[in-house]
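Participant: Mind looking over this structure? Questions follow.
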Amino acid sequence: MVDHHGARRIFDQERYDMSKELPDRIKAKVRGDELTFISKSFSGIDNLILLEDREGMMWTIVYCLYAIQDHTAVRMEILSAHPKVLNQKKISRKSLSYFARMCLFLKVERVPNL
């Protein structure tokens, strides 16, 4: 199949199954004010990363935050979720609420900035 950017992709059952669980998993991360960090994508864009252990496999959840309602609320946009191994010793993390507050109080359009 072809994705929204025109790239050819194969269907991945494991990622599809994870996508069905993702809303509840993300809600739990937000409620728990989990730790997150900024990572640069291959195209040079900064995004936030949450790590999720699922049945012994580490998943990378890539997302960004947008201020909405005249900077009174934040919307999370999930960009990708895929299995990936990271060297976690080199990662400096902050709580999810830290980045949400940046989005609201610094009056930026997107966190992290493009």
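Computed from the coordinates by the stated procedures, all read-outs in this text should not be read as laboratory data. All figures in this text were calculated on a predicted structure; none of them were measured in a lab. Counting neighbours? That spans all protein chains shown, and the Cβs are built from the backbone with ideal geometry, glycine included.
Participant: Of all the residues that make up the range 59-110, how many are of a type in the set (Asp, Glu) and over 17 Å from Pro23 (Cα atoms)?
Facilitator: Total satisfying the criteria: 2.
Participant: Could you run through the range 92-106 and say how many residues are touching a residue at least 40 places away in the same chain (Cβ under 8 Å), more than 14 Å from the chain's Cα centre (by Cα) and not in a loop (DSSP other than H, G, I, E, B)?
Facilitator: The number of residues fulfilling the criteria is 0.
Participant: Which condition number in (1) out of contact with any Pro (no Cβ under 6 Å at 6 or more places or on another chain); (2) surrounded by 12 or more Cβ atoms within 10 Å (Cβ to Cβ) is the one that Phe42 fails?
Facilitator: In the conditions (1) out of contact with any Pro (no Cβ under 6 Å at 6 or more places or on another chain); (2) surrounded by 12 or more Cβ atoms within 10 Å (Cβ to Cβ), Phe42 misses (2) alone.
Participant: Can you tell me which residue in the range 1-31 is surrounded by the fewest Cβ atoms within 10 Å (Cβ to Cβ), limited to those that are small (Gly, Ala, Ser) and more than 18 Å from Cys64 (Cα to Cα)?
Facilitator: Checking each candidate, the answer is Gly6.
Participant: Being among the aliphatic types (A, V, I, L, M) and surrounded by 13 or more Cβ atoms within 10 Å (Cβ to Cβ) is the filter; apply it to the range 82-99 and report the residue that is farthest from Phe37 (Cα to Cα).
Facilitator: Leu86
Participant: Name, by its number, the condition in (1) in contact (Cβ under 8 Å) with a residue 60 or more places away in the chain; (2) under 21 Å from Ser92 (Cβ atoms); (3) over 12 Å from the mean Cα position of the chain (by Cα) that does not hold for Asp53.
Facilitator: All conditions pass for Asp53, except number (1).
Participant: Tell me which residues, restricted to the range 45-54, are in contact with a helix residue (DSSP H, G or I) (Cβ under 9 Å, 6 or more places away or on another chain) and either surrounded by 15 or more Cβ atoms within 10 Å (Cβ to Cβ) or among the β-branched types (Val, Ile, Thr) (or both).
Facilitator: Answer for the range 45-54, where residues must be in contact with a helix residue (DSSP H, G or I) (Cβ under 9 Å, 6 or more places away or on another chain) and either surrounded by 15 or more Cβ atoms within 10 Å (Cβ to Cβ) or among the β-branched types (Val, Ile, Thr) (or both): Leu48, Leu50, Leu51, Glu52.
Participant: Scanning the range 55-81 for residues that are touching a strand residue (DSSP E or B) at 6+ places or on another chain (Cβ under 8 Å) and farther than 19 Å from Pro112 by Cβ, which turns out surrounded by the most Cβ atoms within 10 Å (Cβ to Cβ)?
Facilitator: Trp59
Participant: Next up: Would you confirm, using the coordinates I've provided, whether Glu109 is farther than 19 Å from Glu14 by Cα and touching a residue at least 40 places away in the same chain (Cβ under 8 Å)?
Facilitator: Yes, satisfied.
Participant: Another question, if that's okay. Mind checking which residues of the range 74-89 are without any contact (Cβ under 8 Å) to a residue 12 or more places away in the chain and of a type outside the set (D, E, K, R)?
Facilitator: Within the range 74-89, Asn87 is the sole residue that qualifies.
Participant: Tell me, which strands (runs of 3 or more DSSP E) wholly within the range 1-68 include 3 or more residues that are farther than 17 Å from Arg101 by Cα?
Facilitator: Filter on the range 1-68 gives 46-54, 57-68.
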